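Trainee: Sharing a structure here in structure tokens format.
Nothing in this text is a laboratory measurement; each read-out follows from the coordinates by a stated rule. Every value quoted in this text rests on a predicted model; they were computed, and no experiment measured them. All Cβ positions, even for glycine, are placed from backbone atoms using ideal geometry, and neighbour counts span all protein chains on display.
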């Protein structure tokens, strides 16, 4: 994207940003300046490699449009991050449905993120 902050793995998210930016100031409007093909690695594989004991203090999920899918993919029976920060691409009610059964509670919100703590 014109502004790197909007780069995404999701075609749908890219289209949403392009459409939304039509209403922004002309200097902030977005275009796709290029596409790269990258191999995606499941988060559980990354966590297994770098945190083999499952001890994780903090995880932040900010992936421009696929945050919720990544959250849903985490094996919470194995990995129990003490804190989770996730970009609000979905409502906290939807995120609660994923995290509450594993003992997480909502503790804070910024304009773009929700923060959960393992109780």
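Trainee: How large, in Å, is segment 56-119 by the Kirkwood hydrodynamic radius built from its alpha-carbon pairs?
Mentor: Final number for the Kirkwood radius of segment 56-119 is 11.5 Å.
Trainee: Of 59, 46, 95, which has the largest mean-square fluctuation in a 10 Å C-alpha GNM of the chain?
Mentor: Residue with maximal mean-square fluctuation among 59, 46, 95: 46.
Trainee: Ignoring everything except DSSP H segments at least 4 long, calculate the 222 nm mean residue ellipticity for the chain; use -39,500 (n - 2.57) per segment, divide by total residues, nearest 500.
Mentor: -8000 deg cm²/dmol
Trainee: When only Cα pairs under 8 Å and 6 or more residues apart are kept, what is the percent relative contact order across segment 43-118?
Mentor: Contact order relative to length: 29 percent.
Trainee: What's the extension gain from residue 118 to residue 78 if we count 0.36 nm per residue and subtract their Cα-Cα distance?
Mentor: 13.0 nm
Trainee: Same structure, new question: Got a sec? How would 93, 8 order by Cβ neighbour count within 10 Å, fewest to most?
Mentor: Starting with the residue having the fewest Cβ neighbours, the order is 93, 8.
Trainee: For the chain, count all C-alpha to C-alpha pairs, find those more than 16 Å apart, and express that count as a whole percent of the total.
Mentor: In whole percent, the long-distance tail amounts to 65.
Trainee: Also: Angle check, please: helix 11-21 long axis (alpha carbons) against the longest principal axis of the chain (alpha carbons), in degrees 0 to 90, nearest 10.
Mentor: 50
Trainee: Gain in length, residue 41 to residue 9, computed as 0.36 nm per residue apart minus the alpha-carbon separation, to one decimal in nm?
Mentor: Extending this stretch completely gives an extra 10.3 nm.
Trainee: Can you sort 117, 109 by how many other beta carbons sit within 10 Å, fewest first?
Mentor: Result, fewest neighbours first: 109, 117.
Trainee: Please report how far the C-alpha centroid of segment 98-119 lies from that of segment 62-77, rounded to the nearest whole angstrom.
Mentor: About 13 Å separates the Cα centre of segment 98-119 from the one of segment 62-77.
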